[in-house]
Amino acid sequence: MSLSYLALGDSYTIGEGVDASGRWPVQLAKALRAEGVAVADPHVLAQTGWTTDELDAAIDDAEPSFDEYDLVSLLVGVNNQYRGRPLDEYRRQFAALLDRATGFAGGRAGRVIVLSIPDWGATPFAADDARGAERIGAEIDAFNAAARDICAAAGIAFVDITPVSRARGGEPAMLAEDGLHPSAAMYAEWTRLTLPAARAALS
């Protein structure tokens, strides 16, 4: 019987601009299977543009159909930053989402993985944003620091994908056609970074 996997998030989890097979949660499940870990393709609850509170509301609607999952991932917050929403609001809402994610993992914090928010300031799309790459990056760093601290307090794995998003986020091969969202090749990098934490969670 396959292990179950729930992936919660926004455009980065649904894989805006890539085929379903290119989404990082789908690539992660495939990578785990390649190592002999029998995990099913993920149940994905994510939508482009969702903020923390919008994901929370979507969970309210979907929760009656949820089971207990062997692995749960969470990647959310970029739209809070993009819309200029307060850091304190993100901190509260992220903590609440993390509690819900842990509940979907049967209360097992060790079965939950959080990915950091990538830095879209490195993409061509950001060139037209008045805030500039430096400010965008600083704001994302603040959001990620908050998430990292919350994860540490809860004993939940935090995978930092932000450096690779900065180092390679401007490369054409790492971008979808919109010049903003990652390509399957960038998602493969995220998968590589996340695989050890997922392996440990399911060991």
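The values are calculated or read from the model by the stated rules, or taken from the named source; none is laboratory data. Quantities reported herein were computed from a predicted structural model and do not represent experimental measurements. Note: ideal-geometry Cβ built from the backbone for every residue, glycine included; neighbour counts use all protein chains shown. Quick note on the areas: whole protein, heavy atoms, side chains included, nothing else; ligands and nucleic acids left out. Shrake-Rupley method; radii C 1.70, N 1.55, O 1.52, S 1.80 Å.
See the values below:
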{"item": "Amide proton proximity set for S73, modelled H, under 5 Å, gap of 5+", "result": "L6, A7, L8, I113"}
{"item": "Segment 12-69-segment 138-159 distance, computed between alpha-carbon centres (Å)", "result": "20"}
{"item": "Principal-axis tilt of helix 87-104 within the chain, Cα atoms, nearest 10 degrees", "result": "20"}
{"item": "The chain - percent of accessible surface contributed by carbon and sulfur, probe 1.4 Å", "result": "52"}
{"item": "Using a Förster distance of 45 Å, the FRET efficiency for S2-L180 (Cβ separation, nearest 0.05)", "result": "0.85"}
{"item": "For segment 126-141, Karplus couplings with θ = phi - 60° (6.51, -1.76, 1.60), whole Hz, Gly/Pro x", "result": "6, 4, 9, 8, 5, 5, x, 4, 5, 5, 4, x, 5, 5, 5, 4"}
{"item": "3J(HN,Hα) from dihedral phi, segment 107-115, Karplus parametrisation 6.51/-1.76/1.60, rounded to Hz, x for glycine, proline", "result": "x, 9, 4, x, 9, 10, 10, 10, 9"}
{"item": "Interchain or long-range residues, amide H under 5 Å from A176's placed H", "result": "H181, S183"}
{"item": "The chain - mean residue ellipticity at 222 nm from DSSP helices (-39,500 (n - 2.57) per run, n ≥ 4, rounded to 500)", "result": "-15000 deg cm²/dmol"}
{"item": "Quarter of the Cα convex hull surface for segment 62-110, i.e. its orientation-mean projected area (nm²)", "result": "3.9"}
{"item": "Counting DSSP beta bridges with both ends in segment 1-92, the antiparallel % (nearest 5)", "result": "0"}
{"item": "Orientation-averaged projected area, Cα convex hull of segment 119-203 (nm²)", "result": "6.0"}
{"item": "Gain on full stretching of the segment that runs from D53 to A153 - 0.36 nm per residue minus C-alpha separation", "result": "33.9 nm"}
{"item": "Total formal charge among the other residues, if their Cβ is under 15 angstrom from that of D67, Lys/Arg +1 and Asp/Glu -1", "result": "-1"}
{"item": "Relative contact order computed over the chain (Cα-Cα under 8 Å; 6+ residues apart), in percent", "result": "26"}
{"item": "Calculated log₁₀ intensity ratio I(q)/I(0) where the Debye formula runs over C-alpha points of segment 9-112, q = 0.22 Å⁻¹", "result": "-1.27"}
{"item": "Cα Rg over Rh - segment 1-66, Kirkwood", "result": "1.01"}
{"item": "Principal semi-axes in Å for the chain [√(5λ), Cα gyration tensor, largest first]", "result": "25, 20, 15"}
